[in-house]
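One structure is given below, encoded as structure tokens.
Laboratory data are not the source of any read-out in this text; all were calculated from the coordinates shown. Source: prediction; values computed, not measured. Virtual Cβ from ideal backbone geometry, glycine too; neighbours counted across all protein chains shown.
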Amino acid sequence: MVESQQHQQFIRHAVEAADAAILAAQEAEHELQGAITQADPNAIQRAQAKLGSAKRQVAEAAAQIHSFDGDRYGQQLQQTIEQLQQAKQDLDVSEDHYHTPKQVR
């Protein structure tokens, strides 16, 4: 019984980490869009750094979620897995959408 409660707590923690990663990804994308709209190179650079950080956070959360037994907890975690995959795809699109231009010398 205690082991099951502990495992549920680990799953809950992993889902919370995934939710935080998804939120960080959305915030980073929003910040990049705002920086692009403002055409502020410094803001764009900061937003791109946040985008990279959010990508790492999403990847870590996905790895943590995937470490649980998919047969036993798959249904419970399926929605979180799908949300993480969507966040990763959105981050990839945002990252590909805008690259800081290199200076021409």
*Looking at the square roots a ≥ b ≥ c of the eigenvalues of the Cα gyration tensor of region 2-97, which shape do they give, rounded for a/c under 1.5, prolate if a/b is larger than b/c, or oblate?*
prolate
*Which order results if 53, 67 are arranged by neighbouring Cβ count within 10 Å, fewest first?*
67, 53
_In whole Hz and in residue order, list the ³J(HN,Hα) couplings for region 78-85 that follow from phi through the Karplus curve 6.51 cos²θ - 1.76 cosθ + 1.60, θ = phi - 60°; x for Gly and Pro._
4, 5, 5, 4, 5, 5, 5, 5
*For region 45-59, what does the Karplus curve 6.51 cos²θ - 1.76 cosθ + 1.60, with θ = phi - 60°, yield as ³J(HN,Hα) per residue in whole Hz, taken in order and with x for Gly and Pro?*
5, 5, 5, 5, 5, 5, 4, x, 5, 5, 4, 5, 5, 5, 5
